[in-house]
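Note sheet for the following structure.
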Amino acid sequence: MTLALFTEIKEELKKGITVFGHPFRLFTLGTVGLDKMARLRTVVLRDVSENLDLSFFTDKRSKKVIHITENPKVSILLYHPEKRIQLKIEGNAFVVKSDKKIAKYWNQIKDDAKNDYTTTLAPGSTINSLAEISYLNEDNHFCLITIEAHKIEYLKLDQPNHVKIRYSKEENNWKGEFLVP
């Protein structure tokens, strides 16, 4: 049973990228920097590898990049309201340095969406009005982050009993074990 549910997890995560409006398209990312304060934010799932490495885009000047550089341990949370499935995924995040990979993803972004990575001021900078936001002409601050997942907790809210399974990656293989929900 754990193998069948693991297959479902992979399929649902991949649908988060390919199916418009899928609830796994957006997820909550938790980081903890040197200040030891947990920070949560919503990010967009952009890629899922066969081994369940997850990738998202951000501005390289954002706080999440600073936190990931200070402490690569992250946790993400996804919820599918129709299927009543929650996934909690833990792993190590890193900033992708490969120019080839970065260019591949940058070239897939629609032109109007590229503005998100070309503001002259860093995300979170204080401004007096939205009119103060300006954009770079040719440069950008695009950044690709990949999370190497090593633990997934699957929770299915179901009747008469909930189902909870923890999957752990051991030497590139995933092993599942049931937990008390």
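The values are calculated or read from the model by the stated rules, or taken from the named source; none is laboratory data. Owing to the predicted nature of the structure, the values given are computational and were not obtained by experimental measurement. We place every Cβ from the backbone using ideal geometry, glycine too, and count neighbours over all the protein chains shown. The accessibility values were calculated without ligands, DNA or RNA, using every heavy atom of the protein model including side chains. Shrake-Rupley method; radii C 1.70, N 1.55, O 1.52, S 1.80 Å.
Data table
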read-out	value
Any hit, segment 24-44, residues being closer than 19 Å to TYR167 by Cβ and free of Cβ contacts under 8 Å to residues at least 40 places away in the same chain	no
Qualifying residues in segment 10-62 (those that are in a loop (DSSP other than H, G, I, E, B) and of a type in the set (Asp, Glu)) - the one nearest to GLY176 (Cα to Cα)	GLU50
Tally, over segment 153-181, of residues that are over 19 Å from LEU52 (Cβ atoms) and exposed (fewer than 10 other Cβ atoms within 10 Å of the Cβ)	4
TYR135 of a type in the set (Ser, Thr, Tyr), farther than 30 Å from ARG84 by Cβ and in contact (Cβ under 8 Å) with a residue 60 or more places away in the chain	no
Only listed residue being of a type in the set (Gly, Ala, Ser) and more than 11 Å from the chain's Cα centre (by Cα), chosen from SER49, SER55, SER75	SER49
In segment 103-127, residue surrounded by the most Cβ atoms within 10 Å (Cβ to Cβ) [restricted to those that are touching a residue at least 24 places away in the same chain (Cβ under 8 Å) and part of a helix (DSSP H, G or I)]	TYR117
Options LEU87, LEU40; residue that is at pLDDT 95 or above, surrounded by 13 or more Cβ atoms within 10 Å (Cβ to Cβ) and not acidic (Asp, Glu)	LEU87
Pair list, Cβ under 6 Å, 6 or more apart: segment 49-71 residue under 18 Å from TYR105 (Cα atoms) and touching a residue at least 40 places away in the same chain (Cβ under 8 Å), other residue surrounded by 15 or more Cβ atoms within 10 Å (Cβ to Cβ) and of a type in the set (Phe, Trp, Tyr)	ASP59/TYR117
Test for ASN140: is it open to solvent by less than 60 Å² (accessible area, probe 1.4 Å), assigned to a loop (DSSP other than H, G, I, E, B) and free of Cβ contacts under 8 Å to residues at least 40 places away in the same chain	yes
Filter pass, PHE20 being closer than 29 Å to GLU82 by Cβ and touching an Asp or Glu at 6+ places or on another chain (Cβ under 6 Å)	no
Total residues in segment 116-156, condition charged (D, E, K, R) and at pLDDT below 95	4
The one condition in (1) free of Cβ contacts under 8 Å to residues at least 40 places away in the same chain; (2) open to solvent by 50 Å² or more (accessible area, probe 1.4 Å); (3) in a loop (DSSP other than H, G, I, E, B) that LYS100 fails to fulfil	(3)
